[in-house]
Amino acid sequence: MKIITWNVNGIRAALGRHALDWAFAQQPDALCLQEVKARREQLNEEQLSQLQLRDVWNAAQRPGYSGVATFYKNQPHEIVVGMGEEQFDVEGRVIQTVMAGCRLFNIYFPNGQRGQQRVDYKLAFYAQLLKLCDDLHKKGENIIITGDFNTAHMPIDLKNPKANEKTSGFLPEEREWVQAFLDHGFVDVFRHLYPDKVQYTWWTYRLNARQRGIGWRLDYYLVSKDLLPRVEDVIIHDEVPGSDHCPVELVLK
C-alpha cells in the first residue's frame with residue numbers, strides 16, 4: 001500500500017504545470033493534497049482530465065484559501081469530511097478515509113504566522129484533533145495522520161532552529177503539541193526509520209532557499225503504534241518540483 005502526501009500550494013496552478021503527473025504515475029493507493037485553494041467545480045476540462053483517480057474534496061468557505069483533496073484507488077469503507085467542529089471545518093482542513101484497516105487523516109494544519117490569534121487557533125486545532133484520535137484509539141482504530149503540519153518538531157527538522165525559536169512553526173508550544181501526539185500512541189515514522197537524517201519538505205520561495213538547502217520538515221506521517229510493523233519506508237521526494245513543498249511517500253505492507 002502506497003500513500004503520497006503533498007501540499008501543492010494551489011491545485012489549478014499545479015495542474016497548469018502538469019506537476020501532478022508525477023504523483024499519479026506512482027499509482028498510489030491514496031494521494032493526499034493540501035492547500036488546493038479551489039473547489040472541484042472550479043477546474044476546467046483540461047485540468048479535470050489530469051485527475052487519474054476518484055476523489056473527495058473539502059474546500060474552505062473562503063474562496064482561494066486552504067482546502068484538501070484525497071484521491072483513492074479503491075472506494076474507502078467510509079469517508080468523513082472535516083472533524084465535526086465548525087470553527088475548524090469552515091476552513092476545509094480535514095478529510096478522513098477508512099481503508100485497508102486504518103483511518104487516514106489528510107490534514108492541512110493551520111499556519112500561525114499571521115499573529116497570536118492564529119497561533120491560538122492552531123493550538124486549539126491540534127487539541128481537537130488529538131481528542132478525536134484518543135477516542136478512535138479507544139475504539140480500537142488504527143490511524144494514519146498525514147499532511148502539512150506547519151510545525152517542525154525537533155531542531156533536526158529545520159536548517160536554522162536557533163534563529164526560529166520565536167517563529168510560528170517552531171514555537172515551543174507548537175512543538176509540544178506534536179510531541180503530545182507521540183505521547184498518545186503515535187509514531188513519527190520518518191524519524192523512527194531515520195533518526196539522524198537531515199531532509200526537508202518545505203522551502204521558502206525567497207533567496208533560493210531550496211537550492212541552498214535551507215528548509216523545514218513540515219510534512220509528516222504519524223501512525224498508530226500498532227501499525228508500525230506494517231511500515232516499510234517513508235520517502236521524502238525532495239527532487240520533485242512543482243510546489244514550495246515536496247511530496248512524501250509512505251509504503252505499507
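The values are calculated or read from the model by the stated rules, or taken from the named source; none is laboratory data. Every value quoted in this text rests on a predicted model; they were computed, and no experiment measured them. Because the Cβ atoms are built from the backbone with ideal geometry, glycine has one as well, and the counts that use them run over all protein chains shown. When the accessible area is computed, the model is the full protein with side chains, heavy atoms only, and any ligands, DNA or RNA have been set aside. Shrake-Rupley method; radii C 1.70, N 1.55, O 1.52, S 1.80 Å.
Brief remarks follow.
- Relative contact order (%) - criterion: Cα under 8 Å, at least six apart; region: the chain: 19 percent
- Mean residue ellipticity (222 nm) of the chain, computed from DSSP H runs ≥ 4 via -39,500 (n - 2.57), nearest 500: -6500 deg cm²/dmol
- Here the dipole of the chain is about 420 debye; that uses its Cα centre as origin and unit charges on the Cβ of Lys and Arg (positive) and Asp and Glu (negative).
- Heavy-atom SASA rank of T70, T204 (probe 1.4 Å, accessible area, largest first): T204, T70
- Note, ³J(HN,Hα) from phi for region 76-88, Karplus 6.51, -1.76, 1.60, rounded to Hz, x at Gly and Pro: x, 5, 8, 10, 10, 9, x, 10, x, 10, 4, 4, 9
- Note, ³J(HN,Hα) from phi for region 151-156, Karplus 6.51, -1.76, 1.60, rounded to Hz, x at Gly and Pro: 9, 8, 6, 10, x, 5
- Rounded if a/c under 1.5, otherwise prolate or oblate - region 1-93, Cα gyration tensor axes: oblate
- For region 215-223, backbone phi angles converted through the Karplus equation (6.51, -1.76, 1.60; θ = phi - 60°) give residue-by-residue couplings of x, 9, 9, 10, 10, 10, 10, 9, 10 Hz, Gly and Pro being listed as x.
- As a length-normalised measure over Cα pairs under 8 Å and 6 or more apart, the relative contact order of region 71-188 settles at 21 percent.
- FRET efficiency for E165 and R12, using Cβ-Cβ distance with R0 set to 35 Å, rounded to 0.05: 0.45
- Per-peptide packing, taken as the mean over residues of other Cβ atoms within 10 Å, places 6-18, 129-141 in the sequence 6-18, 129-141 from highest down.
- Average Cα contact separation per residue, region 1-118, under 8 Å, 6 or more apart, as relative contact order %: 22 percent
- Note on region 9-65: dipole from Cβ charges, positive end direction compared against A23, Y65, V36; the farthest Cα belongs to Y65.
- Rounded to the nearest 20 debye, the dipole magnitude of region 30-117 is 160 debye, with +1 charges on Lys and Arg beta carbons, -1 on Asp and Glu beta carbons, and the Cα centre as origin.
- Near the amide H of G147, within less than 5 Å, lie the amide hydrogens of I107, Y220, all on another chain or at least 5 residues away, with H placed in the peptide plane.
- Lysines whose Cα lies under 29 Å from that of K159, excluding same-chain neighbours fewer than 8 positions away: K2, K37, K122, K197, K225
- Prolate/oblate/rounded call for region 112-198, Cα gyration tensor, a/c under 1.5 rounded: oblate
- Whole-Å distance, taken between Cα centres, linking region 131-202 and region 1-45: 23 Å
- This model, with +1 at the C-beta of Lys and Arg and -1 at the C-beta of Asp and Glu, gives region 159-248 a dipole about its Cα centre of some 400 debye.
- Prolate/oblate/rounded label for the chain (Cα gyration tensor, a/c 1.5): rounded
- For the pair R230 and E86, the difference between a 0.36 nm per residue extended length and the Cα-Cα distance amounts to 48.4 nm.
- Charge dipole of the chain about the Cα centre (unit charges at C-beta), most positive-ward option of H137, V234, Q75: V234
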